[in-house]
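K.L.:
Have a look at this one.
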Amino acid sequence: MLQALSITKQLGHHRVLQGLDLFVDAGETVVIFGANGAGKTTLIRILSTLLRPDQGEIYVRDHKDQRPRALPRDHIGLISHEPLAYLSWTPYQNLRFLAHMYRVSDPESRILHLLDYVGLLIYAHEPLQHFSRGMTQRFMIARALIHNPPLLLFDEPFSGLDIRAQEFVTQLIKDEKQMQKGILLTTHVTALGYAVGDRYLVLTDGRLESLGCSGELSLEALQKGYQELLES
């Protein structure tokens, strides 16, 4: 689904990403662990086309002909720390604008379905600026899904959420994976990342190191390997 080759990015005097390679298959959830400041958000911003890499190429496979091509924004759904929305607008207004931009068929039905799905239907006409962290995260999920993209990028999706909200996000990731979407998420919460992942990577010193796959290691082994990579 996604292929990133030799991605390099320098911010100031610090080379955050050092020629890293990454791939995500359809129906696969890839989890990237990393300490704060490791470059996880920078990588997600590059993959979502919000930030240009200094070097490297990113491709997605077109569903029609299965040939790789440059990553188009309408193939991506992004859930990030930032709302990426007009905060003075309501969820309904923001989603209506996005539905028009992405040429969503039957936008009214799609918007109401998503607002109900994320539990915001009763807040559909309340300005986003009044939302809590958890409510904003739920809106970001609806925003990411409005055009039904084949690739979903989650940047620290569990951060600041209570247990119930974490369970909702966990189930969402599993549901979207069942629809054969490629999913990439970053997190520093090993237990939650382990619960949803198929493959586990660690971003350290600007490069990606593999920890293994879900069928071949326990949570304890993952946590131990992660800690060893951080210490080295």
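The values are calculated or read from the model by the stated rules, or taken from the named source; none is laboratory data. Just so it is clear, the model here is predicted, and its values are computed rather than measured. Ideal geometry is used to build each Cβ from the backbone, glycine not excepted, and the neighbour counts take in all protein chains shown.
K.L.:
Just give me the residues in the stretch 1-34 being surrounded by 15 or more Cβ atoms within 10 Å (Cβ to Cβ) and part of a loop (DSSP other than H, G, I, E, B), in sequence order.
P.N.:
Those that are surrounded by 15 or more Cβ atoms within 10 Å (Cβ to Cβ) and part of a loop (DSSP other than H, G, I, E, B): Met1, Asp25, Ala26, Gly27, Glu28, Gly34.
K.L.:
Which members of the stretch 147-169 meet the condition of being of a type in the set (Val, Ile, Thr) and within 25 Å of Thr42 (Cβ to Cβ)?
P.N.:
Val169 - this is the single residue of the stretch 147-169 that is of a type in the set (Val, Ile, Thr) and within 25 Å of Thr42 (Cβ to Cβ).
K.L.:
What tally of residues in the stretch 121-161 results from selecting those that are in contact (Cβ under 8 Å) with a residue 12 or more places away in the chain, aliphatic (A, V, I, L, M) and surrounded by fewer than 17 Cβ atoms within 10 Å (Cβ to Cβ)?
P.N.:
So the count comes out to 1.
K.L.:
Which of the following residues is at pLDDT 90 or above and either closer than 22 Å to Ile173 by Cα or surrounded by fewer than 18 Cβ atoms within 10 Å (Cβ to Cβ) (or both): Val118, Val60?
P.N.:
Answer to the check: Val118.
K.L.:
Would you mind telling me which numbered condition in (1) free of Cβ contacts under 8 Å to residues at least 60 places away in the same chain; (2) closer than 23 Å to His75 by Cα; (3) not in a strand (DSSP E or B) Gly37 fails?
P.N.:
It fails just one condition, (2).
K.L.:
Something else: Give me the residue from the stretch 177-232 that is over 22 Å from Met1 (Cβ atoms), among the polar types (S, T, N, Q) and modelled with pLDDT of 90 or more and, out of that set, surrounded by the fewest Cβ atoms within 10 Å (Cβ to Cβ).
P.N.:
Step by step, filter the stretch 177-232, then rank; the result is Ser218.
K.L.:
Quick one: in the stretch 201-222, which of the residues that are in contact (Cβ under 8 Å) with a residue 24 or more places away in the chain and not hydrophobic (A, V, I, L, M, F, W, C) is nearest to Thr187 (Cα to Cα)?
P.N.:
In this case the residue turns out to be Thr204.
K.L.:
Mind checking which residues of the stretch 63-92 are at pLDDT 90 or above, more than 16 Å from the chain's Cα centre (by Cα) and either outside any loop (DSSP other than H, G, I, E, B) or under 15 Å from Leu152 (Cα atoms) (or both)?
P.N.:
Pro91, Tyr92
K.L.:
Can you name the number of the only condition in (1) out of contact with any Leu (no Cβ under 7 Å at 6 or more places or on another chain); (2) acidic (Asp, Glu); (3) within 22 Å of Gly27 (Cβ to Cβ) that Glu156 fails?
P.N.:
(3) is the only condition that Glu156 fails.
K.L.:
Restricting to the stretch 46-57, name every residue that is in a helix (DSSP H, G or I) and touching a residue at least 60 places away in the same chain (Cβ under 8 Å).
P.N.:
Leu47
K.L.:
For the stretch 120-213, which fully contained helices (runs of 4 or more DSSP H) count at least 2 residues that are polar (S, T, N, Q) and touching a helix residue (DSSP H, G or I) at 6+ places or on another chain (Cβ under 8 Å)?
P.N.:
Answer list for the stretch 120-213: 133-145, 163-178.
K.L.:
So is Arg164 basic (Lys, Arg) and either under 25 Å from Ala35 (Cα atoms) or free of Cβ contacts under 8 Å to residues at least 12 places away in the same chain (or both) or not?
P.N.:
Here the answer is yes, as Arg164 does meet what is asked.
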